[in-house]
Amino acid sequence: MAKGTHDYQPDARNADIKISVNGELFARAEARVSVFDSGFVLGDGVWEGLRLHKGGLPFLDMHLDRLYQGAKAIDLDIGLTRAQLTERLLLVLRANHMRDHVHIRLMVTRGVKATPHQDPRFTLSSATVVIIPEYKEPLPATVEQGIRLFTVHVRRGAPDVQDPKLNSHSKLNDILACIQATKAGYDEALMLDPHGFVATCNSTHFFMVRKNEVWTSSGKYCLGGITRANVLRLCHAHGIAAHEKDFSLTDVYGADEAFVTGTFAGVVPVKEIDGRIIGMGTRGAMVARLQQLYMALVTEESAQGPQV
């Protein structure tokens, strides 16, 4: 069984990568954070996943917007300006001589605590900033043949419980959803909102196609996805009707096509949901078109931002 959209072919070069921990470079086997770090103790932090494509970092501004907005919402001082954090990203990529086919995990936690307790006032240090770049590409079979989704009982919660807009280190609800889906023999989880409408997946955003129209959730109960936003932007730019709206599993089961989006794999077809074959069970014409449009946008955006 595939590991969803994040499955990849191991790359031997990753054994020798350098990882940035608070601006200092360490070999992979030597990179460490304290057992008293807020991220380890409590999942107290925010993070981003980015791509390095042809020497550039596509949609970097959008990712930094989300990171800094999330940090502000949880009253976390990253301790670096956007320019400083961008330079730190470039430094670790240059130190690894990387230019393409790289996935980057940028993690910021509240820092080291005096004792394992949730109160931020026990934090002793400045924020912990870790950057892990790896040579990682989605499997061609995933992008071409698609994945299978299973609707789980774990819901996306309301913002007054734990706001799903926060890309926080605390992802236990998504992990539980993923576990339920994989135990059922599927690749990823499809999650509903508190009202029973389709919200999102455990690690990607869900779309479907009905009569040449693209539908996705209202967005009220899911992360503000970067790839999701760019796919909607592409639809509007290329005359494809796209709607953010509430819809049920009944609508989903009758879809002509379905797909998910995420930074790592881009646009990935969905061939089956809860035992129902979607469309013909293969990548449809709309998904294929959006994959082409999205990769062209990635290439364009990569050339416009900072270069390694």
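Readers should treat all values here as calculations from the given coordinates under stated rules, not as data from a laboratory. These numbers come from a predicted model, not from an experiment. Please note: Cβ atoms are built from the backbone with ideal geometry, for glycine as well, and neighbour counts cover all protein chains shown.
Which whole-number percent gives the relative contact order of the chain, counting Cα pairs below 8 Å spaced six or more residues apart? Before the final figure, lay out the partial values.
Values: 650 pairs, mean separation 66.7, N = 308.
Worked out over the chain, it gives 22 percent.
Using a 10 Å cut-off on Cβ atoms, rank the peptides 202-211, 297-306, 179-188 from the highest mean neighbour count down. Write out the running numbers ahead of the final one.
Details: 202-211: 21.7, 297-306: 15.3, 179-188: 18.3.
Highest mean packing first, the order is 202-211, 179-188, 297-306.
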For MET280, MET98, MET286, MET191, what ranking results if the residue with the fewest other Cβ atoms within 10 Å of its Cβ goes first? MET280, MET98, MET286, MET191
Unit-weight point scatterers at every alpha-carbon of region 15-135, Debye formula, q = 0.11 1/Å: log10 I(q)/I(0) is -0.36
Taking the Cβ of each residue in ARG51, ARG66 as the centre, tally the other Cβ atoms inside 10 Å and list the residues starting with the fewest. ARG66, ARG51
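With the radius of gyration and the Kirkwood radius both derived from the Cα set of the chain, what is their ratio Rg to Rh?
On the way: Rg = 19.4 Å, Rh = 20.1 Å.
When Rh is taken as the Kirkwood radius, the ratio is 0.96.
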Work through the residues other than PHE150 whose Cβ is under 10 Å from its Cβ and net out their charges, Lys, Arg +1 and Asp, Glu -1. -2
For region 151-159, in residue order, the Karplus 3J(HN,Hα) values (coefficients 6.51, -1.76, 1.60; θ = phi - 60°; whole Hz; Gly and Pro = x) are 6, 9, 7, 6, 9, 7, x, 6, x
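To check you understand DSSP bridge types, tell me what percent of the beta bridges within region 140-303 (both residues inside) are antiparallel, rounded to 5. Intermediate results must be reported in sequence, preceding the final value.
Numbers: 18 of 27 bridges.
Around 65 percent antiparallel, to the nearest 5.
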Suppose we keep just the DSSP beta bridges with both residues in the chain; what percent of those would be antiparallel, to 5? 85
Rel. contact order, % - alpha carbon contacts under 8 angstrom, at least six apart, region 140-303: 25
Per the rule of 0.36 nm per residue minus the C-alpha distance, extending ARG276 to HIS97 adds in nm 59.9 nm
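Lysine pairs in the chain with alpha-carbon atoms under 14 Å apart, 8 or more places apart or on different chains: how many are there? Don't skip to the end; give the middle numbers.
Numbers: LYS3/LYS136; LYS3/LYS183; LYS54/LYS136; LYS72/LYS165; LYS165/LYS220; LYS220/LYS245.
Number of lysine pairs found: 6.
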If we sort 145-152, 246-253, 131-138 on the protection proxy, mean other Cβ atoms within 10 Å, highest first, what's the order? 145-152, 131-138, 246-253
Under the 7 Å Cα-to-Cβ spin-label approximation, ASP163 and LYS211 lie apart by a distance in nanometres of 3.7
Rg/Rg_globular for region 211-306, with Rg_globular taken as 2.2 N^0.38 Å and Rg from C-alpha atoms: 1.10
Nonlocal amide H pairs with GLU257, under 5 Å, H built at 1.01 Å: VAL209
log10 of Debye I(q)/I(0), alpha-carbon scatterers only, for region 140-303 at 0.14, 0.15, 0.20 Å⁻¹: -0.66, -0.76, -1.39
HIS97 neighbourhood, Cβ < 13 Å, K/R = +1, D/E = -1, net charge +2
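Using Cα-Cα distances under 8 Å and only pairs 6 or more residues apart, what relative contact order does region 128-221 have, in percent? Each step should come with its number before you reach the end.
Numbers: 119 pairs, mean separation 25.0, N = 94.
Across region 128-221, relative contact order equals 27 percent.
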Projected onto the charge dipole of the chain (unit charges on the beta-carbon of Lys, Arg, Asp and Glu, signs +1, +1, -1, -1), the Cα from PHE197, ILE19, GLN118 with the largest positive-side position is that of ILE19
